[in-house]
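Every number in this text was worked out from the coordinates using simple rules, so none of it is lab data. For clarity, every value in this text was computed on a predicted model and none was experimentally measured. Glycine gets a Cβ as well: all are built from the backbone with ideal geometry, and neighbour counts include every protein chain shown.
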There are 2 protein chains.
Amino acid sequence: MNRGQPAIQGYQAGRSRERSRDPHLHRYAQRAAGMTASEIRALFAVASRPEVVSLAGGMPYLPALPMDSLADDMASLVAQDGMTALQYGSAQGIPELREQICEVMALEGVCAHPDDVTVTVGSQSALDLVTRIFCDPGDVVLAEAPSYVGALGSFTAYQAQVVHVPMDDGGLVPDALHDALRRLAEQGRTPKFLYTIPNFHNPAGVTLTVSRRSEVLEICAAHGVLVIEDNPYGLLGFDGQTYPALRASDPDNVVYLGSFSKTFAPGLRVGWALAPHAVREKLVLAAESATLCPPTFTQAVVSRYLAGHDWKSQVKTYQEAYRDRRDAMISALEQQLPSGCRWTRPDGGFFVWLSVPAGLDTKAMLPRAVTQRVAYVPGTAFYADQAGSRQIRLSFCYPPPDRIKEGVRRLAGVLEGELELLATFGSVSPRTVAGPQSPSPDTA
Amino acid sequence: MNRGQPAIQGYQAGRSRERSRDPHLHRYAQRAAGMTASEIRALFAVASRPEVVSLAGGMPYLPALPMDSLADDMASLVAQDGMTALQYGSAQGIPELREQICEVMALEGVCAHPDDVTVTVGSQSALDLVTRIFCDPGDVVLAEAPSYVGALGSFTAYQAQVVHVPMDDGGLVPDALHDALRRLAEQGRTPKFLYTIPNFHNPAGVTLTVSRRSEVLEICAAHGVLVIEDNPYGLLGFDGQTYPALRASDPDNVVYLGSFSKTFAPGLRVGWALAPHAVREKLVLAAESATLCPPTFTQAVVSRYLAGHDWKSQVKTYQEAYRDRRDAMISALEQQLPSGCRWTRPDGGFFVWLSVPAGLDTKAMLPRAVTQRVAYVPGTAFYADQAGSRQIRLSFCYPPPDRIKEGVRRLAGVLEGELELLATFGSVSPRTVAGPQSPSPDTA
């Protein structure tokens, strides 16, 4: 583990040396050229030290889970069904769980058949497989600006080109979507799909308004563009509210991605894709070559949990925990942050999206923030282009409310310091951290 | 579930209809063109009926596991470490397990550092990720003839071209490897890697002799070809014997793939890759875009199992169970099969490779075998070209010895019938099953 700034520099120098002497360099596929580690990963290694308040990670608040009762569950699962639960399963996932997943999706208006559900190794794997079956190198995909860092990672891995579409407080802007499609059409290009997170957006914290949902679907249908609806946070509305899934209105042109990582536990890696039948067939074949089958055991754990626990009440417990944390963060931001800062006010999910005054650079500022014992993800991580240098993603999902307040207090101090430098010298110090921008998506 | 031959035909017709009306057909990536379901999958659905003796699947014999003690383990894992074990983890895998994996590999002479180990979602995922980072469309990879069906699936998914290298009872033939590389060099082509299963080969049942190991490594090094060593069965030698891993002699030019699917349980999907440092960095980044991280929970289960159980004694139990089954199969083959048949005699692993007399076609024969209540995988599944029509893979890992004997008796009856037809009419009936050749790799 690195211990402070000098160690970080040592780490970077070490990595550069290693890269320059890689004897396999001539052997990699073209797609591997985009696979380079971000230097800000080293900062996150430092940020995991206990004295640092991390507002960077997207880890769910697991102390809310009933561990003792889960322990009993697990034991009886192995004792009663170990022979099946520890054996290979089908690439599509176990049938019981696929039926239960349909019941979960019904809460957001989705009417689906278990045959059209594919269980995946977290919804990240669904995203990877969807990109695998649709994207040739150079293909265009549309994504919100900003978008989920893990999705951008998958698109890059398959050499797709991301075109961002602006959002506002009501989510993706339909007019902007229309404009983007028109501009692409003028170039003779049709995107393979629109990737969208309609509810409690990561990282933006906003939700697509209900009236915009039909507009987005109509625009995509008119332009022959498939919709990938990523919905990990949909059940985490702080007032228990839900929104109609895009998939509910357009079963033939939407691939819906879901996950138990936020409503139950991420370490099980159980997600899913609901896809039109022919797409589902391709997905299963792609999944088979990727992992043979998702872990039978963790699927059985989720299935037993859904059948044997009051899981909706557990989701409510999560909602309440996250609402308290959201409240703590918003009130701390209001009290502490210097003028000129703006932020979103999420009604669910994990994240607040913060914009800082002009002249500041959130990526350049990160090492100083970590020195002041607070961590965040710079906005640049969430764009495929060079945008986001004045933005920050703050997550309130994991630390307790008092730690969130302390973290915001430290962040405010860092921002004040930067603004003073700016006022004195006309600019802050140049970037100290260069290179690729993505942090590890499991912390983002 | 299909119920016999008419149902199979109905299934095929239904699938063709669906395929022809896929409205997303114009959207798929080029690589998806190779992703088509095999019609023989329908036969395997029938073959899973209890009255059929399946010599097709590669499912480990899990009744050998101590389920009650595993149940206790699982409960204490959740109660004590649930907060960590159910949370996101690093893309590379949990450190404790990576250390233990080094101890496991030491049994075959591998000296490795945990930093160079990447835990994956079964070794299939390692295979997929290795192919992802090395293979552009059209790149050549070398593989034994025959080779593992799941590896061929991954190579196809990344549009690599497989060139097969012959084997004999001593495994891959070094002279043939040399010839293949020379022929490719004449075309100006260098394969990205040699994919090889040195121990208890799937499907061939043979083991690479010790003297050939250094020859294979030298030839690959001389031609600048990386070696991918896939070793899921290495600890399942029936006399407890092990062989030196290729990786042990050449750490810089071998990527070693391992798995707990056969030594512990496949439903956990825990495998790994040991790779030279720079390659490992790429692997972790590729893994991150594929799944964020492997399931923390199943990694913790394996780690606890390795630490808390006499796992080597459990491996011995497996060895003995599989030896009994191998003996049952070999003696049944000797007693029952018509003359002109030849088969390998494995000293470990799961599989016997059977060659039938000239004039027979094992894929065409499969529906008749299933009608006679015995299933196998036709040899064609294990080749990227059109070879294997006179071969059959028989697996002895799962059914008890008396069922194996009964299965071989039924298979002998089918072969006798085919040979009678051949003697009477000069040829057997034409193929009744056409189309792509791969069965589901989780049954193969």
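A compact table of results
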| quantity | calculated |
| --- | --- |
| Linear extension gain, residue B:252 paired with residue B:68, 0.36 nm per residue minus alpha-carbon span | 62.0 nm |
| Using alpha carbons only: equivalent-ellipsoid semi-axes of chain B, gyration tensor based, whole Å | 34, 26, 24 |
| Spatial separation of Cα centroids for region B:250-285 and region B:143-212, in angstrom | 19 Å |
| Inter-label distance for residue A:182 and residue B:386, nm, one decimal - labels placed 7 Å from Cα along Cα-to-Cβ | 5.5 nm |
| Diffusion coefficient, µm² s⁻¹, Stokes-Einstein with Kirkwood Rh over alpha-carbon pairs of region B:67-147 at 10 °C and 1.306 mPa s | 100 µm²/s |
| Shortest-first distances to equivalent copies, position residue B:63, nm, label 7 Å out along Cβ | 4.7 |
| Summed side-chain charge close to residue B:344 - residues other than residue B:344 whose Cβ falls under 11 Å, Lys, Arg +1, Asp, Glu -1 | +1 |
| Cβ-derived FRET efficiency at R0 51 Å, residue B:368 paired with residue A:327, nearest 0.05 | 0.15 |
| Distant alpha-carbon pairs in region A:373-428 (separation over 18 angstrom), percent | 47 percent |
| DSSP-defined antiparallel bridges as percent of all bridges, region A:77-174, nearest 5 | 25 percent |
| Shielding of A:222-229 by partner chains, average beta-carbon count, 10 Å | 1 |
| Contact order normalised by residue count of chain B, Cα under 8 Å, 6+ apart, percent | 24 percent |
| Other-chain or far-sequence residues with amide H under 5 Å of residue B:350's (modelled H) | none |
| Neighbouring partner chain Cβ atoms per residue of A:123-130, average, 10 Å criterion | 3 |
| Interchain or long-range residues, amide H under 5 Å from residue B:53's placed H | B:374, B:375 |
| Cα-based shape type of region B:133-187, given that a ≥ b ≥ c are square roots of the gyration tensor eigenvalues and the cut on a/c is 1.5 | oblate |
| Highest-MSF residue in chain A out of A:50, A:346, A:191 [GNM, Cα springs under 10 Å] | A:50 |
| Computed E for residue B:103/residue A:334 - FRET, C-beta separation, R0 56 angstrom, nearest 0.05 | 0.55 |
| Position residue A:277, label points 7 Å along Cα→Cβ, spacing to each other copy in nm (shortest first, one decimal) | 5.5 |
| Average partner coverage of A:365-377, which counts Cβ from other chains inside 10 Å | 0 |
| Mean separation of Cα contacts under 8 Å (6+ apart) over length of region B:85-132, as relative contact order % | 37 percent |
| Shape category assigned to region A:221-289 from the gyration tensor of Cα positions, a/c cut at 1.5 | oblate |
| For residue A:137, label point 7 Å along C-beta direction: distances to other copies, nm | 0.9 |
| Relative contact order computed over region B:276-434 (Cα-Cα under 8 Å; 6+ residues apart), in percent | 24 percent |
| DSSP beta bridges in the protein assembly as shown [antiparallel fraction, %, rounded to 5] | 50 percent |
| Per-pair calculated FRET efficiency, R0 = 35 Å: residue A:189 and residue A:242 via Cβ, rounded to 0.05 | 0.50 |
| For peptides B:148-156, B:171-179, sequence by mean Cβ density within 10 Å, most packed first | B:148-156, B:171-179 |
| Dimensionless Rg over Rh [region B:176-325; C-alpha; Kirkwood] | 1.01 |
